[in-house]
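Remarks on the structure that follows.
The values are calculated or read from the model by the stated rules, or taken from the named source; none is laboratory data. Here the structure is a predicted model, which is why all the values come from computation and not from measurement. When we count neighbours, we look across all protein chains shown, and the Cβ atoms used for this are built from the backbone with ideal geometry, even at glycine. Heads up: the accessible areas ignore ligands, DNA and RNA and are worked out on the full protein's heavy atoms, side chains in. Shrake-Rupley method; radii C 1.70, N 1.55, O 1.52, S 1.80 Å.
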Amino acid sequence: MKVEFSYLKRQFSEPAEYFRDLRELVDSCEFTLGPFVDRFEKRIANYVGVRHAIGVNTGTDALILCLQSLGVGAGDEVITTPNTFIATVGAIVATGARPVFVDCNERMHIDPEKIASAVTDRTRVILPVHWTGAAADMSAILALAEDVGVDVVEDACPALGASISGRKCGSLGRVNAFSMHPLKLLNVWGDGGLVVTDDDELARHLRLYHNHGLADRDRVEIWGVNRRLQPVQAVVANRLMDRLEEDLGRRIQNARWMNQALSGLEDMVVTPASRSDGRDVVHLYVLRVQRRDKLRRFLEGKGVECKVHYPVPLHLQPAARELGYKVGDFPECERQAGEILTLPLHHLNTQGELEYMAECIIEFYNRA
Ligand SMILES: *Cc1c(COP(=O)(O)O)cnc(C)c1O
């Protein structure tokens, strides 16, 4: 059997209804902003539980816009974790600010207990990442941020639909980012992103700024940029919204099944812990395993395509050299980098695939 990491071919194997909507877009010739984007923004704002959603071109730019809208720039510091996708940190650097790393905890999120000692008088924002589609420890982070008087921006790029303490990810920080990259949970046909906020003033600024600062065709209120979400992507996104809850439900169900199937390997395999006070949407199904590289090769040999997100933490990447970090600075994150393994588990797995993956993993540990 072959279990590929990408499920995109399966997901879009019957694109007729998307094409129907695209036909409608072509007939309307509304190729910038317009009704498809408006409709999607309203639906997302409603879904996340915020007053404003602004469609933008990428998740990375969504993060940059969040930070810039708060005035973050040169001379400022933004606190985040080294175990995230490059874009979290790239976005901080793009504003001119300096990324300051804090180690992660067992759940692979920024460790709230270690944040306080990283705060300086230059800290402007704490930027937790809802890594793997599970919420970071937001109540502790929000309390600390309020204590020291800085803003929280959620990197919710991989966590659309996740929640904690009755609130959705993306509704907790002051202004927050989602991605709609093909490998994210609501995955359009190219790039797309969203900025979401409850703050009317920030929303008004961002809405202007991402569209040339135009209040209307003839009035430029502020200098802006062009970071608009493309209507083609909004068409796809609107269709995907119709099935989002069902897809997330399947992901969660498949993850639960796998957790159970691997529960006998207790000492060898740690499955993702789901939280009781919220909903993790399983963007990545990340195990922590003994003899990771051997297991990975074994699974590859069996046709199970796994990934490591990521083998080299960001503070040890060449790009981070100027930040002055070294091996040993973030021991938990560094340890996890050697243990983590992402299975090709998602909403479109067959039961046969799930069973096959579990059997292969059990076989590996039983035979050794
Ligand atoms: C995907 C992702 C981004 C960037 O999103 P793009 O849409 O690819 O630019 C940022 N942060 C995290 C944690 C992500 O997973």
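Going residue by residue through the stretch 345-365, is there one that turns out to be touching a residue at least 24 places away in the same chain (Cβ under 8 Å), open to solvent by less than 60 Å² (accessible area, probe 1.4 Å), under 30 Å from residue 99 (Cα atoms) and of a type outside the set (A, V, I, L, M, F, W, C)?
No, because not a single residue in the stretch 345-365 is touching a residue at least 24 places away in the same chain (Cβ under 8 Å), open to solvent by less than 60 Å² (accessible area, probe 1.4 Å), under 30 Å from residue 99 (Cα atoms) and of a type outside the set (A, V, I, L, M, F, W, C).
Given the options 216, 199, name the one that is at pLDDT below 95 and either more than 14 Å from the chain's Cα centre (by Cα) or hydrophobic (A, V, I, L, M, F, W, C) (or both).
216
Can you name the residue in the stretch 77-87 that is more than 8 Å from the ligand (Cβ to nearest atom) and among the polar types (S, T, N, Q) and is also most open to solvent (accessible area, probe 1.4 Å) among such residues?
Out of the qualifying residues, it is 83.
With the condition kept exactly as written, say whether any residue in the stretch 88-110 is at pLDDT 95 or above, open to solvent by 40 Å² or more (accessible area, probe 1.4 Å), within 15 Å of the ligand (Cβ to nearest atom) and touching a strand residue (DSSP E or B) at 6+ places or on another chain (Cβ under 8 Å).
yes
Taking the stretch 200-235 only, how many residues are buried (at least 16 other Cβ atoms within 10 Å of the Cβ) and either of a type in the set (Phe, Trp, Tyr) or in contact (Cβ under 8 Å) with a residue 40 or more places away in the chain (or both)?
Final tally of qualifying residues: 17.
Please find, within the stretch 38-63, the residue that is farthest from residue 173 (Cα to Cα) out of those that are open to solvent by 20 Å² or more (accessible area, probe 1.4 Å) and within 16 Å of the ligand (Cβ to nearest atom).
57
Go through the stretch 166-179 and count every residue that is over 15 Å from residue 131 (Cα atoms) and surrounded by 24 or more Cβ atoms within 10 Å (Cβ to Cβ).
Qualifying residue count, the stretch 166-179: 3.
From the list 177, 156, exactly one residue is closer than 17 Å to residue 59 by Cα and touching a Phe, Trp or Tyr at 6+ places or on another chain (Cβ under 7 Å). Which is it?
Among 177, 156, only 156 is closer than 17 Å to residue 59 by Cα and touching a Phe, Trp or Tyr at 6+ places or on another chain (Cβ under 7 Å).
Which of (1) closer than 22 Å to residue 187 by Cβ; (2) under 19 Å from the mean Cα position of the chain (by Cα) does residue 354 not meet, given it meets every other one?
Here residue 354 clears every test but (2).
Which of (1) in contact with a Gly (Cβ under 9 Å, 6 or more places away or on another chain); (2) crowded, with 19+ Cβ neighbours inside 10 Å does residue 28 not meet, given it meets every other one?
Just one mismatch for residue 28, condition (2).
Restricting to the stretch 127-147, and then to whatever is without any contact (Cβ under 8 Å) to a residue 40 or more places away in the chain and within 12 Å of the ligand (Cβ to nearest atom), can you tell me which residue is surrounded by the most Cβ atoms within 10 Å (Cβ to Cβ)?
Going through the qualifying residues, I end up with 136.
Counting only residues that are in contact with a Cys (Cβ under 7 Å, 6 or more places away or on another chain) and not β-branched (Val, Ile, Thr), which one in the stretch 109-155 is nearest to residue 85 (Cα to Cα)?
Looking at residues that are in contact with a Cys (Cβ under 7 Å, 6 or more places away or on another chain) and not β-branched (Val, Ile, Thr), I get 130.
Determine whether residue 246 is surrounded by fewer than 16 Cβ atoms within 10 Å (Cβ to Cβ), out of contact with any Asp or Glu (no Cβ under 6 Å at 6 or more places or on another chain) and within 13 Å of residue 186 (Cβ to Cβ).
When the stated conditions are applied, residue 246 passes them.
Quick one: how many residues across the stretch 154-189 are touching a Ser or Thr at 6+ places or on another chain (Cβ under 9 Å) and near the ligand (Cβ under 8 Å from one of its atoms)?
Number satisfying all stated conditions: 8.
Only one of these conditions is not met by residue 321: (1) within 24 Å of residue 79 (Cβ to Cβ); (2) within 18 Å of the chain's Cα centre (by Cα); (3) not aliphatic (A, V, I, L, M). Which number is it?
For residue 321, the failing item is (2).
If a residue has to be in a helix (DSSP H, G or I) and either within 22 Å of residue 163 (Cα to Cα) or not small (Gly, Ala, Ser) (or both) to count, how many in the stretch 209-254 make the cut?
The total comes to 24.
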